[in-house]
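Written out below as structure tokens is the structure these notes cover.
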Amino acid sequence: MATINVLAQNKHQSELQRKTDAEIYTQVYNDIKSDKELYDYKKQKATELLKLQADSFVEKQKKAL
């Protein structure tokens with residue numbers, strides 16, 4: 001009987017944690033999404049990184065020839 005209670009409690013805690021995590025992630029995502037300045041900054045940095053990666057790839061291809 002004690003094992004059943006422990007399993008039920010673990011299941012309940014697991015479900016509660018998943019629900020809480022989902023609520024937190026949703027709130028954080030909405031906060032970030034609503035912060036246009038942060039979004040623009042991250043987009044700019046991601047674009048810069050993609051350009052650097054593309055340039056690096058081209059240079060490696062040139063050296064391979």
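Worth a mention:
- Between 0 and 90°, nearest 10: helix 36-64 axis offset from the chain longest Cα axis: 50
- Count of lysine pairs in the chain with Cα separation under 23 Å (8 or more residues apart, or interchain): 13
- Under the convention that each Lys and Arg Cβ holds +1 and each Asp and Glu Cβ holds -1, the size of the dipole of the chain around its Cα centre is about 340 debye.
- Label point distance in nm, Q17-S56, each placed 7 Å from Cα along Cα→Cβ: 3.6
- Annotation: extensible slack from K36 through N5 equals 6.4 nm (criterion: 0.36 nm per residue apart, minus Cα-Cα distance).
- Of the residues S56, Q9, Y39, the one whose Cα sits farthest towards the positive end of the charge dipole of the chain is S56 (charges of +1 on Lys and Arg Cβ, -1 on Asp and Glu Cβ, taken about the Cα centre).
- Residue order for I32, I4 - accessible surface, 1.4 angstrom probe, largest first: I4, I32
- Rounded percent of accessible protein surface that carbon and sulfur make up, the chain, 1.4 Å probe: 60
- Environment charge of Y39, counting only residues whose C-beta is closer than 13 Å and scoring Lys/Arg +1, Asp/Glu -1: +1
- Taking the C-alpha atoms only, the angle from helix 2-34 to the longest principal axis of the chain is near 40 degrees.
- Heavy-atom surface of the chain, accessible at 1.4 Å and reported per residue (Å²): 98
The values are calculated or read from the model by the stated rules, or taken from the named source; none is laboratory data. Computed from a predicted structure; not experimentally measured. In this analysis, Cβ positions are derived from the backbone assuming ideal geometry, glycine residues included, and neighbour counts consider all displayed protein chains. For the accessible areas, the whole protein counts, side chains as well, though only heavy atoms, and no ligand, DNA or RNA atoms are used. Shrake-Rupley method; radii C 1.70, N 1.55, O 1.52, S 1.80 Å.
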